[in-house]
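Worksheet for the structure shown next.
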Amino acid sequence: MLSGGAIAIWAVIGGLGILFGVFAVAIALQAATFDVMRWLLALAIEAPLAGGIIALIRYSRVLTRTTAAGEAASSALANSEAKYRELIASAPDGIFVLDPQAKVLDVNEAGETLLGRERGDIVGHSFMEFVPTDRLASAHGYLDDRLRGFRATELYEATFSTAKGKRVHVQLRSQVVRPADADSYVVYIVRDVTDQREAQRQLLESERWASMGRLASFVAHEINTPLTNISLLTASIARRVSDAEVQERLKKIAAQGRIAASITAELLKFARPGAINPVETNLTDLVREAVEQAEAFRKPGVEVRTELGSEPVVCTVDPLRIHEVLVNLLKNAFEATANGRIRVRLEDRGPSVAVSVSDTGTGIRPEVQQRLFEAFYTTKKKGEGTGLGLAISRNFVASHGGDITVTSEVGKGSTFTVFLPKQPVSVTTPA
Ligand SMILES: Nc1ncnc2c1ncn2[C@@H]1O[C@H](COP(=O)(O)OP(=O)(O)OP(=O)(O)O)[C@@H](O)[C@H]1O
Ligand SMILES: [Mg+2]
């Protein structure tokens, strides 16, 4: 392709050629006869012009070549730029380009996904808008350090908030770029490690559960023997003495022994959740019985509503264990609700069922929610609860291949939902 410059030169060459051709012919033809001198004069005039034309032609070729080379170079640059853009756009890690004041200048698609925001809601905004308030100081400190040339290779663990308020755990690397002829900028390369963290947490938790289970089992067995002896000895003394005051005290000893025995029984349930005896059970009846049993914990200002449907819902579950799960959930709901309503709902979902217990009680703070199902975690005063209720319930439900979820809002109430497959997944049903 000819450039604009080359076309102009060729036009000038063509024009001059025609003009001087006409000149030469005119000079030569002015003589009626052949005149050597005139022809020589014509040639003398034409020769430098012809030289000029040849020079122009050469220059034009060089120009064409140079322009072509220039065009090739700039198209190669554009290509490589496009390639790098594509590379950054398709990078699996979020890439953010920030100015030294933390304003986002550019972001790739993975960055948008990570924050759950559109490009327009990121570019032009301060990067700090996406950092939760409790992590702001540390995020500012990191950027300042990087701009001052510290922490060159350090991997920084950070937390972002997505548009929906979810926290995303990330690992962040950064590079400060200081071009000679422009302002410095910082590139943040951010990897979402939320799932990885969750997997690690679950692994740690399951290891902790296993070791706590072993400990609980050991303690329960060790305590059971002296407890049994205490109750036997107390009964034997009670048979021998007639003193009313001693009898009264022996009764108190026996009552305390029973409390201790019930705690060890809880510990054993927690330690051995796996063994279940599934049988065909009408869950509608089971829920109704659990509600009746938990009534004992209801405060006068609390109303109970059950939505169990008109048809029986039949599942293959261990009725004793699921009954206990429901009583635990209902007991917690009653304990958290001084006034208001508890609603129990049973839903048949084809291959599975969902039983939810909702209360309009205190609600659960997020930091408590994170620990709800931990064994021995309780917010009750010492001696009022073991903190095993939800831990045991979750173990029981898990042994059926099910799950318990919770949603809660402080001051409004909580909903615990038990999901159970109609046929237990992890256990074969006895014939
Ligand atoms: N419906 C609820 N509303 C508010 N908080 C709840 C609710 N259910 C559970 N919790 C919180 O979860 C904690 C753990 O519950 P969990 O049933 O495991 O143990 P606990 O009730 O404290 O003790 P225990 O069950 O042995 O009596 C409770 O102490 C309470 O803070
Ligand atoms: Mg409880």
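Read the figures in this text as sums done on the coordinates, not as results from a lab. Nothing here was measured: the structure is a model prediction, and the numbers come from that model. Every residue, glycine as well, gets a Cβ built from its backbone with ideal geometry; the counts of neighbours run over all protein chains shown.
The label point for Asp195 and the one for Ser211, both projected 7 Å from the Cα toward the Cβ, are 2.9 nm apart. Simple spin-label estimate for Ala44 and Thr407 gives 10.6 nm between the two label positions (7 Å along the Cα-to-Cβ direction from each Cα). With respect to the chain, whose longest principal axis is taken over its alpha-carbon atoms, helix 36-89 is tilted by about 0°. Can you tell me the orientation of helix 319-336 relative to the chain, as the angle in degrees between its alpha-carbon axis and the longest Cα principal axis, to the nearest 10? Roughly 80 degrees between the two axes. For Arg341, the amide hydrogen comes within under 5 Å of the amide hydrogens of Glu303, Thr360, counting only partners 5 or more places away or on other chains and with H modelled in the peptide plane. Here the relative contact order of the chain, from alpha carbon pairs under 8 Å that lie six or more residues apart, stands at 9 percent.
Partners of Lys422 within straight-line reach, counting lysines whose Cα lies under 28 Å from its Cα and excluding those fewer than 8 residues away in the same chain: Lys269, Lys331. Sequence neighbours fewer than 8 away in the same chain don't count; with that in mind, list the aspartates and glutamates whose C-alpha is under 20 Å from Lys412. The qualifying aspartates and glutamates are Glu303, Glu335, Asp359, Glu367. Suppose R0 equals 30 Å; then what is the FRET efficiency for Ile223 and Gln370 from their Cβ-Cβ distance, rounded to the nearest 0.05? Efficiency computed from Cβ-Cβ geometry: 0.50.
Across the range 102-109, rounded Karplus estimates of 3J(HN,Hα) from the backbone phi angles (6.51 cos²θ - 1.76 cosθ + 1.60, θ = phi - 60°) give 6, 6, 7, 9, 7, 8, 9, 5 Hz, Gly and Pro being marked x. Amide H contacts of Val353 (H built 1.01 Å from N, in plane; Pro and chain starts excluded): Leu420, Lys422 sit under 5 Å, all sequence-distant by 5 or more or on other chains. 3J(HN,Hα) along the range 190-205: 10, 10, 6, 10, 4, 5, 4, 4, 5, 4, 5, 5, 5, 4, 4, 5 Hz, from the Karplus curve 6.51 cos²θ - 1.76 cosθ + 1.60 with θ = phi - 60°, whole Hz, x for Gly and Pro. Taking amide H positions as modeled 1.01 Å from N, with prolines and chain starts lacking one, the residues under 5 Å from Asn108 and 5 or more places away or on another chain are Ile95.
Compared with the rule-of-thumb size 2.2 N^0.38 Å for a compact globular protein, the chain has a Cα radius of gyration ratio of 1.95. Peptide packing for 345-354, 194-203 was compared via the average number of neighbouring C-beta atoms within 10 Å per residue; ordered from the highest value, the list is 345-354, 194-203.
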